[in-house]
Amino acid sequence: MQTLFRKTVKETIRLKGIGLHSGKTVRLNIHPAESGHGLKFNHSQPTHSTIIPVHVDYVIDTGNAVTLGKDQVKIQTIEHLMAALHTLGITDALIDIDSTEVPIMDGSSLPFLEAIQSTGWIESKTILEPIQITNPIWVVEGDKYLVLLPSDELKVTYSIDFNHPLLRGQSFTTNLDQKTVLEDILPARTFGFLKDVEQLQSKGLALGGSLDNAVVLTEDGYLNDSLRYENECVRHKVLDLIGDLAVLGRPFTGHLIASKAGHGLDISLARCILEQEKANEMKNFRQNKNFSQKSNQQKQA
Ligand SMILES: [Zn+2]
């Protein structure tokens, strides 16, 4: 992997959209931050504000989206914004938000991506160390699984299998180099089944959901006039995986193999990746200690 440096946005990016669940307008401003700050949300209210770091330790829910939480405040549906920031290598920014959910925009990462690209970024001189994947890692839940194998490249093989004529056994393999992710993954929109949308809306959820921000599946087809890719749904699952693993805060290489996975397994994998890294650090620390003890003994002898 080439040497990567920490980056922030060049100037404040102002975005506005609707919340998928609330259906209400959300304002989101991405401010530049100093190197080492990390990505953090600032949930601003008239009387007080709460800062929530974008880190796996702050993930409190993975139901329909990834939700961060701290001090009774939550920020949901962070993954499409995170996929855009992570792919462009933005490591440091303060994200002001006046709602508890990131706006859904067009259901993909494209509006976030275009906004960040048009503003630009500043690269610091601080090296961003990648996480080394040394051993296979896997998480399993019933017939769903997510595996990460060590590799010098980042690539993915993703399979979905829904009880729907168009989504049975859809599978997609690709390298996840930056160009491919920008062109082939980040524009893929989220998707939902019409019957689920109707059910959610009857419970006061998904009130902002529409054909403007999702691919909607009917009993045997799509409600939308056209798709961005013939296999847009599986590509969106890859987008979610990239956005979910951005809670690691650092890049890594490896071969991701996913079958019917989702936010829950993605976040479990992120936790396992950090556990492996901690174990490796401990092992290296012990080896270095033994080595320095041995060389001291040799010097004394
Ligand atoms: Zn998504």
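The values are calculated or read from the model by the stated rules, or taken from the named source; none is laboratory data. Predicted, not measured: the structure shown is a model, and the values here were computed from it. Neighbour counts run over all protein chains shown; Cβ positions are idealised from the backbone, glycine included. Areas reflect the complete protein model, heavy atoms only, side chains present, ligands, DNA and RNA absent. Shrake-Rupley method; radii C 1.70, N 1.55, O 1.52, S 1.80 Å.
Tell me the angle of helix 79-88 to the major Cα principal axis of the chain, expressed in degrees between 0 and 90 and rounded to the nearest ten.
50 degrees
Compare the peptides 85-97, 232-244, 267-279 by average per-residue count of other Cβ atoms within 10 angstrom and give them in order, highest first. All intermediate terms of the calculation are to be shown ahead of the outcome.
On the way: 85-97: 22.5, 232-244: 24.3, 267-279: 17.1.
Ranking, from highest mean packing down: 232-244, 85-97, 267-279.
Search the structure for amide H atoms under 5 Å from the amide H of S109, placed 1.01 Å from N in the peptide plane, and list their residues when 5 or more places away or on another chain.
Long-range HN contacts for S109: A188.
When the dipole is taken about the Cα centre of region 4-128, and only Lys, Arg (+1) and Asp, Glu (-1) are charged at their Cβ, what size is it in debye, to the nearest 20?
Magnitude of the dipole: close to 180 debye.
Going out from 0 in 10 Å bins, what whole percent of all Cα-Cα distances in the chain drops into each bin?
6, 26, 34, 22, 7, 3, 1, 0, 0
Taking H placed 1.01 Å from N in the peptide plane, check which residues at least 5 places from L39 or on another chain put their amide H under 5 Å from its amide H.
Hits under the 5 Å cutoff: V54, A93.
Using Cα atoms only, what is the angle between the long axis of helix 232-245 and the major principal axis of the chain, expressed in degrees (0 to 90) to the nearest 10?
So the inclination is approximately 40 degrees.
What's the center-to-center distance, using Cα atoms, between region 5-50 and region 101-122 in Å?
Comparing the Cα centres of region 5-50 and region 101-122, I get a distance of 11 Å.
Of all the accessible heavy-atom surface of the chain, with the other protein chains kept in place and a 1.4 Å probe, what percent is carbon and sulfur? Don't jump to the answer; show the numbers that get you there.
Details: 7320 of 15120 Å².
Exposed carbon and sulfur together represent 48 percent of the surface.
Across the Cα atoms of region 4-128, what radius of gyration and what greatest pairwise Cα-Cα distance (Dmax) are found, in Å?
13.7, 41
Filter K70/K179; K70/K237; K195/K237; K10/K70; K74/K125; K74/K203 down to the pairs with a C-alpha to C-alpha distance above 23 Å, please.
With Cα atoms farther than 23 Å apart: K70/K179; K70/K237; K10/K70; K74/K125.
How high is the FRET efficiency between F285 and D61 when r is their beta carbon distance and R₀ equals 41 Å, given to the nearest 0.05?
0.75
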